[in-house]
Structure formats: structure tokens, C-alpha cells
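Engineer: Sending over a structure as C-alpha cells; questions will come in a sec.
The values are calculated or read from the model by the stated rules, or taken from the named source; none is laboratory data. All values reported here derive from a predicted model rather than from experimental measurement. As a convention, Cβ positions derive from the backbone with ideal geometry for all residues, glycine included, and neighbour counts pool all protein chains shown. Accessible surface is based on the protein model in full, side chains and every heavy atom, while ligands, DNA and RNA are left aside. Shrake-Rupley method; radii C 1.70, N 1.55, O 1.52, S 1.80 Å.
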Amino acid sequence: MARIVMKFGGTSVADLDRIHNVARHVKREVDAGHEVAVVVSAMSGKTNELVGWVQNMPKVAGSNAPFYDAREYDAIVASGEQVTSGLLAIALQSMGINARSWQGWQIPIRTDNAHGAARILDIEGAEIIRRMGEGQVAVVAGFQGLGPDNRLATLGRGGSDTSAVAIAAAVKADRCDIYTDVDGVYTTDPRIEPKARRLKKIAFEEMLEMASLGAKVLQVRSVELAMVHKVRTFVRSSFEDPDAPGMGDLLNPPGTLICDEEEIVEQEVVTGIAYAKDEAQISLRRLADRPGVSAAIFGPLAEAHINVDMIVQNISEDGSKTDMTFTVPSGDVDKALRVLGDNKDKIGYDVIQSEAGLVKVSVIGIGMRSHAGVAASAFRALADKGINIKAITTSEIKISILIDGPYAELAVRTLHSAYGLDKS
Ligand code: ASP
Ligand code: MG
């Protein structure tokens, strides 16, 4: 017997037929004798609709801004998960399974006060564990918890992944299965490279990089949480026949296991190629090369909540002037230029240049720690295709390369084959 948390995303519960299908997946595990808790998202499209309603409320008199109240936003957008948790509980009951829905406040899942992007602080798992012991299946509404103000708080878009991992940690589950509309994590985006392969296993750290870079299978926070609590997390498809052979395999269900690197025996040097679109580059020319310039640049950007990513500073020729180049999301360029313009005197640069529409392509793999020449192969492969590199950053397990937007797909395919990822 094992204890399993099963999470179903929006497309998996998109209508009543699919909810019934999800119930069959749950029944399979219950019938096998496992203790099961389920976490659900809202029906696909529902949260967008709810967010849209909030945004289309009447405008504040004399302004263009809609009325906005973060607590009421949460009260509204959390409702989608309430519906699916109830429906799934009924579907399970109709199959003879003892099931009960739970809203975030009923458990409770306690969060901080950051309405709309709250963090989970604590989950009282005892009651769920007790009921699981009695054979009851808890169907928990994802995405929501209870703030310190005793009000509903939501966890940010995609947050029910985080609900599921947090619950798995709280009830000490053996496994957290994230059911979605793809059947696992791939070596790269299969829409760009059809030869992309599904990974059997990926280390937490690698998955964190993949998710941060736009592989949208999981919310980034859920991966962080899984890494901290070492929650073995499977990404798998809800669209496969719930009773197909192997679906109930305890140790090797179909899908990708996100796990501790120690569990990965045959470690490849490179695990995957990820990319992030809509990057922009900003360069400050002829800055004074003195202590405090970086702080003068990046302090005000941080205060304006602008996420700065790659930073490259030139070594000055005569020790007096230098150039600083960095990237921000394309959507933040105007704001960043304004902030830097306002601080021109304090920073002391000569000119400022910017370019939007760039793409960051990254090579990821924990095997890089112990192999030389990984970066050089990337540079050679891109050069052979005539792709110009605008900036490079590296970490222990990642090489990120900034290039012009139109070359994104070619670069992804080139790197994917340069590291042999298209061969099984
Ligand atoms: N329903 C929420 C959203 O669409 C949470 C989730 O599905 O993970 O963002
Ligand atoms: Mg999701």
C-alpha cells in the first residue's frame, strides 16, 4: 500500500465526461488499496473567464482603471476549483467510493497575505491523513488557501500544482502524480522539435530550470517545493485509458519522474533544451567604472519590480569607463528605460541602447558539473548554422545563450541534436 496525491489540471476536468474519466483514474488507485488524496484545478478556461470578469468591472470614476480589490479577486477566481472538487466527489461517490470535497479553508491550507500570489505557509494534514486511513478520498480544491486575514487567498496562475505538491509533503505521500494533457516532460518542446523524447526521469534542479525557462508543464513554485521536501513527482497524462496495462504500476507508471538526482543512475551530460521568448537587451554605454555603479543601476530596477536576468559587464580598457548589458522581459523595457532615465545622473552613463524580440536558449543538465567542453559544443553548433550570439551566461548546470528571435527554432533544433538528444 502506498499513499498517493493525484492532481488533475484544467483540461483533465474540462467537462463532465472528463471528470468521469478522472474518477476512473482515482478508482484504479483506490481499488489497488492505496490511500489517495486528489487535487483539482478549475475547468479549463474557467479561471481566465473569472479573471476577465474582475477586469471588466466598472471603471473608477475619472480614471481608466477598473475597481480592484485583491481579496475580492481571490474570492472570485478561487470559485472554479470549488465547482470541480464537488463534481469529482460526486463522480467518485457514484462509483461507490467514499469521497469528500475540501476547500482550502476547510483543511486549512494556510498562506501568507499576498493575495493573488500567496505562498503556502502550513497545511494541517492530520484530518486528511485520518480520513485516508478510514478509506475516504479527499478531493481538494487546488489554487486556494486561507490567508492570515481569514480570507480566501489564491496561489498565482498554475497554483494548483503547488497545492498538490504541498499536500503531498504535508501528508508524507509516497508520490505526487500530476495528471495533465501531455504525457511527460520532454527533452525540448515537441512542437519545435518533433524528435524530442520523453524523459523517464529528470532531477529537481533540472526541472526547476526547465520550468523557469518556459516549459509550462508545472508551476515553478511547485518544483521548488518538491525539491525542498523531496516529493517524488510524476508528470503523466489523464487522457490515457485509466485501465490500460501499466497505468497502475506503483514504481514505474508511464510519464516522467521528477526526483532527486541520486535516483538517476544513467545521467546524461545534457538533459534538455529550453527557451524563453520575448527577452530584451538593454545596454548602458560608457559608465564610470567605480564601486557602486551596479548598485545604482539594479537597485532602482529591483524597486520597480523589473526582473533582470543576464548581466554582462565589460572590462574597461583604461580603468575609467565600462559598458553594462543586461536582459529584461520585453514587456518591461519601457518601464526599465524610464527608471534608468530618471536615474541617469546618479548612474552616470553616456547613452542607453535597447533591443526587444530576443530569445534565450538554454542547455540544461546536472551532468555538466563533471564534464568539460559542454559550452564549446553549443557555440560550435550555433556557429555552423550562422547564428550570432548576443550574450552568454552559465551556471553549474546551465548554459544560456541570447540570440535574435527569428533564430529561436533553428537554435533549439541545432542544440537538441548537437547533444544527441534526438537519439534514444
Ligand atoms: N485554475 C488556476 C489557473 O488556471 C490554477 C491552476 O489551474 O493551476 O491558473
Ligand atoms: Mg497548470
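Engineer: Which of the residues belonging to the stretch 380-424 are open to solvent by 90 Å² or more (accessible area, probe 1.4 Å), under 22 Å from Leu208 (Cβ atoms) and touching a residue at least 24 places away in the same chain (Cβ under 8 Å)?
Structural biologist: Glu396
Engineer: Tell me which residues, restricted to the stretch 70-84, are more than 16 Å from ligand 2 (Cβ to nearest atom) and surrounded by 22 or more Cβ atoms within 10 Å (Cβ to Cβ).
Structural biologist: Asp74
Engineer: Are there any helices (runs of 4 or more DSSP H) wholly within the stretch 309-388 with 3 or more residues that are within 31 Å of the chain's Cα centre (by Cα), and if so which?
Structural biologist: Correct list: 333-342, 374-384.
Engineer: Taking the residues in the stretch 154-210 that are over 27 Å from Glu396 (Cβ atoms) and hydroxyl-bearing (Ser, Thr, Tyr) as candidates, determine which candidate is most open to solvent (accessible area, probe 1.4 Å).
Structural biologist: Thr180
Engineer: Still on this model: Spot the failing condition for Val220; the list is (1) within 16 Å of ligand 1 (Cβ to nearest atom); (2) in contact (Cβ under 8 Å) with a residue 40 or more places away in the chain, and only one is missed.
Structural biologist: The number of the failed condition is (2).
Engineer: Further, regarding this structure: For the stretch 103-117, give me each residue that is touching a helix residue (DSSP H, G or I) at 6+ places or on another chain (Cβ under 8 Å) and not β-branched (Val, Ile, Thr).
Structural biologist: Gln103, Gly104, His115, Gly116
Engineer: If you don't mind, there's one more thing I want to ask. Could you run through the stretch 279-303 and say how many residues are modelled with pLDDT of 95 or more, of a type in the set (Gly, Ala, Ser) and not in a helix (DSSP H, G or I)?
Structural biologist: Qualifying residue count for the region: 2.
Engineer: For the stretch 107-153, how many residues meet the condition of being closer than 15 Å to Ala37 by Cβ, surrounded by 17 or more Cβ atoms within 10 Å (Cβ to Cβ) and of a type in the set (Lys, Arg)?
Structural biologist: 1
Engineer: Another one. Name the single residue, out of those in the stretch 28-48 being within 16 Å of ligand 2 (Cβ to nearest atom) and not small (Gly, Ala, Ser), that is farthest from Asn98 (Cα to Cα).
Structural biologist: Asn48
Engineer: While we're on this one: Please go through the stretch 55-82 and pick out each residue that is more than 18 Å from Val26 (Cα to Cα), of a type outside the set (S, T, N, Q) and part of a helix (DSSP H, G or I).
Structural biologist: Of everything in the stretch 55-82, those that are more than 18 Å from Val26 (Cα to Cα), of a type outside the set (S, T, N, Q) and part of a helix (DSSP H, G or I) turn out to be Ala70, Arg71, Glu72, Tyr73, Asp74, Ala75, Ile76, Val77, Gly80.
Engineer: Only residues that are over 20 Å from Gly246 (Cα atoms) and more than 15 Å from ligand 1 (Cβ to nearest atom): list them for the stretch 16-30, please.
Structural biologist: Once the filter is applied, which keeps residues that are over 20 Å from Gly246 (Cα atoms) and more than 15 Å from ligand 1 (Cβ to nearest atom), the stretch 16-30 yields Leu16, Asp17, His20.
Engineer: Still on this model: Using the structure shown, decide if Val22 is in contact (Cβ under 8 Å) with a residue 12 or more places away in the chain, of a type in the set (A, V, I, L, M), surrounded by 22 or more Cβ atoms within 10 Å (Cβ to Cβ) and part of a strand (DSSP E or B). Show your work before the answer.
Structural biologist: On the way: in contact (Cβ under 8 Å) with a residue 12 or more places away in the chain: yes; of a type in the set (A, V, I, L, M): yes; surrounded by 22 or more Cβ atoms within 10 Å (Cβ to Cβ): yes; part of a strand (DSSP E or B): no.
So Val22 does not fit the description; no.
Engineer: Kindly provide the set of residues from the stretch 31-59 that are over 23 Å from Gly158 (Cβ atoms) and either within 14 Å of ligand 1 (Cβ to nearest atom) or free of Cβ contacts under 8 Å to residues at least 24 places away in the same chain (or both), ordered by number.
Structural biologist: Across the stretch 31-59, the qualifying residues are Asp31, Met57, Pro58, Lys59.
Engineer: Kindly establish whether Glu209 is acidic (Asp, Glu) and within 16 Å of ligand 2 (Cβ to nearest atom).
Structural biologist: Values: acidic (Asp, Glu): yes; within 16 Å of ligand 2 (Cβ to nearest atom): no.
In short, no.
Engineer: Looking at this structure, is Ile399 aliphatic (A, V, I, L, M) and either assigned to a helix (DSSP H, G or I) or closer than 16 Å to Ala274 by Cβ (or both)?
Structural biologist: Considered against the rule, which asks whether it is aliphatic (A, V, I, L, M) and either assigned to a helix (DSSP H, G or I) or closer than 16 Å to Ala274 by Cβ (or both), Ile399 comes out as yes.
Engineer: Related question: Pairs only if they're at least six apart or on different chains, beta carbon under 6 angstrom, first in the stretch 175-195 and at positive phi, second open to solvent by 10 Å² or more (accessible area, probe 1.4 Å) and part of a strand (DSSP E or B); list them, first residue then second.
Structural biologist: Gly184/Arg198
Engineer: Right, another one. Quick test for you: out of Gly116, Gly125, Gly156, Gly133, pick the one residue that is touching a residue at least 40 places away in the same chain (Cβ under 8 Å) and within 16 Å of ligand 2 (Cβ to nearest atom).
Structural biologist: Gly156
Engineer: Next up: Could you say whether any residue in the stretch 253-267 is touching a helix residue (DSSP H, G or I) at 6+ places or on another chain (Cβ under 8 Å), open to solvent by 10 Å² or more (accessible area, probe 1.4 Å), part of a loop (DSSP other than H, G, I, E, B) and over 30 Å from Gly33 (Cβ atoms)?
Structural biologist: Yes - at least one qualifying residue is present in the stretch 253-267.
Engineer: With Val333, Val351 as the choices, which residue is crowded, with 18+ Cβ neighbours inside 10 Å and closer than 27 Å to Leu402 by Cβ?
Structural biologist: Just one listed residue meets the conditions, Val333.
Engineer: OK, next. Just checking, which of Met6, Met1 is of a type in the set (A, V, I, L, M) and open to solvent by 10 Å² or more (accessible area, probe 1.4 Å)?
Structural biologist: Met1
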